[in-house]
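Colleague: Mind having a look at this structure? Questions to follow.
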Amino acid sequence: MEAATAAVPVLHAEHLAPHSWYLRGEAGAASRANFGFNSNAGFVVTSDGVVAFDSLGTPALGARMLEAIRAVTDQPVRMLVISHWHADHFYGAAAFRTAHARVLALDSGREAWHSERSVARLAQRQVDLAPWVDAHTQLLGADEWIHVPVGTRLHFRLGDVDFDFVPGAGAHTPEDLMLYCEQDGVLFAGDVYFSGRIPYVGDADTRAWLTALDGIAATHARIVVPGHGPASRKVEPDIAMTRDYLLYLRRVMGAAARDLIDFDLAYRQADWHDWSALPAFADANRINAYGVYLEMEQEALAQP
Ligand SMILES: [Zn+2]
């Protein structure tokens, strides 16, 4: 592992609240220039060990994350929680397995970590993120697949800290899983949460996303760590913005899909002025609108 981490910078965790820390990835896509460090991960230190949330985008970064935990505490890492099986969030898991942490994820992700898409992504990362991801990089699933129905939470306590697993309702992937630390009011949210910017909708299920936002609001978290970008202390405004944006996309694109109006025309006729000044609007809005247009076409077809 030492040779593999040699060129990767030492990582430092930011302290959020008494028990909670996070590592903040760089802006933009994973690249050799940023060592694949483009996503966030976090951890919570209890009186009986550490709970880690996500493990960054390469085995070397996972090892650096473990060092960052070691710089804060010598408590053993008991558990690594995977938010979802996207490369930038779980390739560092090997370091945690070596440290005897138990890897947990939502059961609806059982197929995702070794899906065709996941295998193709690994091949791409072996090129883009060599030498940190190479032919020897082994990806494993969870040690424990937990079941948490949408609309519920699964509570557990470790040492002096109470936690809730909060399902993301399939907003970003079918297996979205969030972790709430009660004593700190900190929610580790993965890619379901965007702060102060236009979200990337991609092929997300926006109806599920709205449900996930309700789940986030119900925690009354004071601080949310998103999968990318800085931790947010403006939780209510973030939720309101994302919700308003998704509802607007669904309303405008839904009407167009129902009335069989061509996407280009519908996009041109829509009023975007509430959103156009926000970061990521130019990059994301049109593709978001198109994704929702396709989604609303499907919903319209499914109507009896
Ligand atoms: Zn993702």
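Colleague: Just to verify a result, which residue in segment 190-200, among those that are over 12 Å from the mean Cα position of the chain (by Cα) and under 18 Å from Arg233 (Cβ atoms), is farthest from the ligand (Cβ to nearest atom)?
Modeller: Across segment 190-200, the extreme among qualifying residues is Gly196.
Colleague: Would a scan of segment 63-76 turn up a residue that is under 18 Å from the mean Cα position of the chain (by Cα) and part of a loop (DSSP other than H, G, I, E, B)? Give the derivation first.
Modeller: Here is the first cut: in segment 63-76, the ones under 18 Å from the mean Cα position of the chain (by Cα) are 65.
Next cut, part of a loop (DSSP other than H, G, I, E, B) only: none.
No - not one qualifying residue is present in segment 63-76.
Colleague: Go through segment 80-117 and report how many residues are assigned to a helix (DSSP H, G or I), within 16 Å of the ligand (Cβ to nearest atom) and out of contact with any Leu (no Cβ under 7 Å at 6 or more places or on another chain). First the steps, then the outcome.
Modeller: Residues of segment 80-117 that are assigned to a helix (DSSP H, G or I), as a first pass: 87-90, 93-98, 107-109, 112-114, 116-117.
Cutting the leftovers down to within 16 Å of the ligand (Cβ to nearest atom) gives us 87-90, 93, 108-109, 112-113, 117.
So of that shortlist, the ones also out of contact with any Leu (no Cβ under 7 Å at 6 or more places or on another chain) come out as 87-90, 108-109, 112, 117.
Matching residues across segment 80-117 total 8.
Colleague: Further question: On the given criteria, is Val148 touching a helix residue (DSSP H, G or I) at 6+ places or on another chain (Cβ under 6 Å) and either within 19 Å of His84 (Cβ to Cβ) or not in a loop (DSSP other than H, G, I, E, B) (or both)?
Modeller: Numbers: touching a helix residue (DSSP H, G or I) at 6+ places or on another chain (Cβ under 6 Å): no; either within 19 Å of His84 (Cβ to Cβ) or not in a loop (DSSP other than H, G, I, E, B) (or both): yes.
Against the criterion (touching a helix residue (DSSP H, G or I) at 6+ places or on another chain (Cβ under 6 Å) and either within 19 Å of His84 (Cβ to Cβ) or not in a loop (DSSP other than H, G, I, E, B) (or both)), Val148 does not qualify.
Colleague: Shifting gears a bit: Out of (1) at pLDDT 95 or above; (2) within 14 Å of the ligand (Cβ to nearest atom); (3) in contact with a helix residue (DSSP H, G or I) (Cβ under 6 Å, 6 or more places away or on another chain), what's the single condition that is false for Arg121?
Modeller: The failed condition is (1).
Colleague: Please specify each residue of segment 151-163 satisfying the condition of being closer than 17 Å to Leu177 by Cα and buried (at least 16 other Cβ atoms within 10 Å of the Cβ).
Modeller: Arg153, Phe163
Colleague: Can I ask one more? Which of the following residues is touching a residue at least 60 places away in the same chain (Cβ under 8 Å), among the charged types (D, E, K, R) and out of contact with any Cys (no Cβ under 8 Å at 6 or more places or on another chain): Asp134, Asp128, Asp164, Asp143? Talk me through it step by step, then tell me what you get.
Modeller: Values: Asp134 fails: touching a residue at least 60 places away in the same chain (Cβ under 8 Å); Asp164 fails: touching a residue at least 60 places away in the same chain (Cβ under 8 Å); Asp143 fails: touching a residue at least 60 places away in the same chain (Cβ under 8 Å).
Answer to the selection: Asp128.
Colleague: List every residue pair whose Cβ atoms lie under 9 Å apart, where the two residues are 6 or more positions apart in sequence or sit on different chains, the first residue falls within segment 64-92 and is within 19 Å of Asp191 (Cα to Cα), and the second residue, located anywhere, is of a type in the set (Val, Ile, Thr) and within 12 Å of the ligand (Cβ to nearest atom).
Modeller: Hits for this filter: Ser83/Thr173; Ser83/Val192; His84/Thr173; His84/Val192; Trp85/Thr173; His86/Thr173; His89/Ile82; Phe90/Ile82.
Colleague: Let me ask another. Just one of Leu158, Leu187, Leu247 is away from the ligand (no atom under 16 Å from the Cβ) and out of contact with any strand residue (DSSP E or B) (no Cβ under 8 Å at 6 or more places or on another chain); which is it? Full working, then the answer.
Modeller: Values: Leu158 fails: out of contact with any strand residue (DSSP E or B) (no Cβ under 8 Å at 6 or more places or on another chain); Leu187 fails: out of contact with any strand residue (DSSP E or B) (no Cβ under 8 Å at 6 or more places or on another chain).
Answer to the check: Leu247.
Colleague: Take the conditions under 21 Å from Phe37 (Cα atoms) and touching a His at 6+ places or on another chain (Cβ under 9 Å) and apply them to Asp88. Does it pass?
Modeller: Yes: the conditions hold for Asp88.
Colleague: Taking strands (runs of 3 or more DSSP E) that fall entirely within segment 159-237, which contain at least 2 residues that are among the charged types (D, E, K, R)? I'd like the intermediate steps shown before the answer.
Modeller: Working: elements: 161-167, 177-181, 186-190, 223-226.
The qualifying strands (runs of 3 or more DSSP E) are 161-167.
Colleague: So is Val44 free of Cβ contacts under 8 Å to residues at least 60 places away in the same chain, part of a strand (DSSP E or B) and within 22 Å of Pro167 (Cα to Cα) or not? If you could, list the steps in order and put the result at the bottom.
Modeller: Details: free of Cβ contacts under 8 Å to residues at least 60 places away in the same chain: no; part of a strand (DSSP E or B): yes; within 22 Å of Pro167 (Cα to Cα): yes.
No: the conditions fail for Val44.
Colleague: Does Gly170 satisfy being within 16 Å of the ligand (Cβ to nearest atom), touching a residue at least 24 places away in the same chain (Cβ under 8 Å) and surrounded by fewer than 16 Cβ atoms within 10 Å (Cβ to Cβ)? Don't jump to the end; show me each part of the working.
Modeller: Numbers: within 16 Å of the ligand (Cβ to nearest atom): yes; touching a residue at least 24 places away in the same chain (Cβ under 8 Å): yes; surrounded by fewer than 16 Cβ atoms within 10 Å (Cβ to Cβ): no.
It is false that Gly170 is within 16 Å of the ligand (Cβ to nearest atom), touching a residue at least 24 places away in the same chain (Cβ under 8 Å) and surrounded by fewer than 16 Cβ atoms within 10 Å (Cβ to Cβ).
Colleague: From the list Leu56, Leu61, exactly one residue is touching a helix residue (DSSP H, G or I) at 6+ places or on another chain (Cβ under 6 Å) and of a type outside the set (Phe, Trp, Tyr). Which is it?
Modeller: Working: Leu61 fails: touching a helix residue (DSSP H, G or I) at 6+ places or on another chain (Cβ under 6 Å).
Answer to the check: Leu56.
Colleague: Can you tell me which of (1) of a type outside the set (D, E, K, R); (2) surrounded by 15 or more Cβ atoms within 10 Å (Cβ to Cβ); (3) in a loop (DSSP other than H, G, I, E, B) is the one Tyr22 doesn't meet?
Modeller: (3)
The values are calculated or read from the model by the stated rules, or taken from the named source; none is laboratory data. Please read these numbers as outputs of a predicted model, since none were measured by experiment. Using ideal geometry, Cβ is built from the backbone for each residue, glycine included, and neighbour counts are taken over all protein chains shown.
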